Amino acid sequence: YDSKNCDVYNFHKFCKINSKGRPSGENWLNQGAYDDLDAAIAFGELDHYDVLLIDESQVIQKKGWNSLIKAFKNKKIIAMCDISQAFEYEEPVDLDFLETQLETKALLLSTSLRVPKKVCNRMKLFNTPNYLVVNPRELEDDSLNEIIVVKQEEELKKVIFSLRAENIKYEDICVLTPPSLSVPSELVPQGILIQNIGKFRGMEKPIVIILPTNTMSEIEFFCAYSRATSRCIVILDAFNLKHGGYGKLGKDLIERKADYIENILQVALTSVSRSEERRVGKECRSRWSP
């Protein structure tokens, strides 16, 4: 990244800076950006590069790949691709397409080093690879914690407090959510990153806290789990679990922890009932006191 001979951009930023001031338009991400890429190529903006290195290459649409391959004809292209981390709305390309266009066979990386072994094993619930994935790390039981609670936001505060008590730095912690969920800033101390799962793809943190919604996709779960290098903590709502939420993860937890989940909900219901009784009793005493 610090090399004077290397320029680093995300795809859409590169298209933007080479747009020559043309208006973006409402559909710029899916169409305008690719028009700007073609314009940049026509103006010779890529001619001075010798090598194209692309991470998360599955999310560049076919028309973009056709343009890049034409621009880098007789030059080297190195592409990293993980189709299991591509969202449907991105119109992703598959490995067969890339192999055909780049005229080469993919080198499959079968050794998983970044994520803890327990997290790696759990990720296979969301996406089962068609080749053997080996994780040589030691199996650490506390590297994955799927917590079932009634109030997710309250548990989030407790988890952060507990991590701080372990002297874990805030900058080593990230809270990941799907786009549909917004975490109030007052719940998370300054220094802890709150990020959309899709935007955090390709990045990592030692501690990842996942705050899922009941409709989160298997791809979003897979991406979120895979961002943790030391510990992955998932906070799940017991009510959503009981009523079929969280996809494959929810089904697995219900099968293994049905009684535990039911007990949590019963305790919460009893607590609410007692609280309501105290409130009504207090109102009655206030009403009839002289």
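The values are calculated or read from the model by the stated rules, or taken from the named source; none is laboratory data. Only a predicted model underlies this, so the values are computations on that prediction, with no experimental measurement involved. In this analysis, Cβ positions are derived from the backbone assuming ideal geometry, glycine residues included, and neighbour counts consider all displayed protein chains. Ligands, DNA and RNA are excluded from the accessible area calculation, which covers all protein heavy atoms including side chains. Shrake-Rupley method; radii C 1.70, N 1.55, O 1.52, S 1.80 Å.
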Q: Within the stretch 35-46, work out how many residues are in contact (Cβ under 8 Å) with a residue 24 or more places away in the chain, part of a helix (DSSP H, G or I) and open to solvent by 10 Å² or more (accessible area, probe 1.4 Å).
A: 2
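Based on what the data block shows, is Leu253 at pLDDT 90 or above, in a helix (DSSP H, G or I) and touching an Asp or Glu at 6+ places or on another chain (Cβ under 8 Å)?
Yes: the conditions hold for Leu253.
In the set Glu103, Glu140, which member is on the phi < 0 side of the Ramachandran plot, acidic (Asp, Glu) and out of contact with any Asp or Glu (no Cβ under 7 Å at 6 or more places or on another chain)? Spell out the reasoning first.
On the way: Glu103 fails: on the phi < 0 side of the Ramachandran plot.
Answer to the selection: Glu140.
Looking only at the stretch 4-34, count how many residues are part of a loop (DSSP other than H, G, I, E, B) and either surrounded by 13 or more Cβ atoms within 10 Å (Cβ to Cβ) or at pLDDT 85 or above (or both).
8
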Q: State which residue pairs qualify: first residue at positive phi and inside the stretch 76-95, second residue buried (at least 16 other Cβ atoms within 10 Å of the Cβ) in any location, beta carbons under 9 Å apart, and separation of 6 or more residues or different chains.
A: Glu91/Val59; Glu91/Gln61
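In the stretch 153-167, what residues are aliphatic (A, V, I, L, M) and surrounded by 13 or more Cβ atoms within 10 Å (Cβ to Cβ)?
Correct list: Leu156, Val159, Ile160, Leu163.
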Q) Which number in (1) touching a Lys or Arg at 6+ places or on another chain (Cβ under 6 Å); (2) closer than 20 Å to Ile69 by Cα marks the one condition that Lys117 misses? A) (2)
Q. Consider Val150 against the criteria (1) of a type in the set (A, V, I, L, M, F, W, C); (2) open to solvent by 40 Å² or more (accessible area, probe 1.4 Å); (3) free of Cβ contacts under 8 Å to residues at least 60 places away in the same chain: it satisfies all of them except one. Which criterion is unmet?
A. (3)
Q | Unmet criterion (only one of (1) surrounded by fewer than 16 Cβ atoms within 10 Å (Cβ to Cβ); (2) under 18 Å from the mean Cα position of the chain (by Cα)) for Ser143 | A | (1)
Q) Would you call Lys124 under 18 Å from the mean Cα position of the chain (by Cα) and without any contact (Cβ under 8 Å) to a residue 12 or more places away in the chain? A) yes
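Ile254: farther than 23 Å from Val267 by Cα, of a type outside the set (D, E, K, R) and open to solvent by 40 Å² or more (accessible area, probe 1.4 Å), yes or no? Before you say what the answer is, go through the steps one by one.
Working: farther than 23 Å from Val267 by Cα: no; of a type outside the set (D, E, K, R): yes; open to solvent by 40 Å² or more (accessible area, probe 1.4 Å): yes.
In short, no.
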Q | Sole exception among (1) surrounded by fewer than 16 Cβ atoms within 10 Å (Cβ to Cβ); (2) under 17 Å from the mean Cα position of the chain (by Cα) for Ile192, by number | A | (1)
Q. Has the stretch 78-88 got any residue that is surrounded by fewer than 12 Cβ atoms within 10 Å (Cβ to Cβ), among the acidic types (Asp, Glu) and modelled with pLDDT under 95?
A. yes
Q. Looking at (1) open to solvent by 50 Å² or more (accessible area, probe 1.4 Å); (2) in a loop (DSSP other than H, G, I, E, B), can you tell me which one Gly198 breaks?
A. (1)
Q. Within the stretch 95-137, which residues are part of a loop (DSSP other than H, G, I, E, B) and hydrophobic (A, V, I, L, M, F, W, C)?
A. Ala106, Leu107, Leu108, Leu109, Leu113, Val115, Leu125, Phe126, Leu132, Val133
(Q) Quick check on my filter: what residues within the stretch 138-194 are touching a Leu at 6+ places or on another chain (Cβ under 7 Å) and part of a helix (DSSP H, G or I)? (A) Gln152, Glu153, Leu156, Lys157, Leu187
